[in-house]
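Comments concern the structure below.
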Amino acid sequence: MGMKIIQPLRYEIELMQFETEKDCLVKYSAVLFDKEGSDDNRPNKMFYVIKPVRIDGKWHLTVADDDDMNTRDSKIAK
């Protein structure tokens with residue numbers, strides 16, 4: 001049995017914070033399936049955080065890591 005490629009139903013923006021050209025975060029989720037009712041407790045989302053940065057006037061999307069999420073110099077409230 002091979003691995004299956006995960007294909008979300010949709011993506012949702014959870015949070016967008018832009019402070020400076022190098023201090024930005026975007027949190028989004030991939031909805032894997034719709035819940036069947038209000039009592040459906042199965043987790044149905046995967047969350048991702050990307051860090052847009054502007055270098056030489058061009059925006060680049062980078063993947064945020066633990067250091068990005070806990071940067072002491074960030075003006076974004078944690």
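Worth pointing out:
- On full extension, the segment bounded by Y28 and I13 gains 5.0 nm, given 0.36 nm per residue less the C-alpha separation.
- Taking amide H as placed 1.01 Å from N in the peptide plane, A64 has its amide H under 5 Å from the amide H of V49, I50, K51, each at least 5 places away in sequence or on another chain.
Quick note: the coordinates plus some simple rules give every number you see, no bench work behind them. All of these numbers come straight from a predicted model, not from anything done at the bench.
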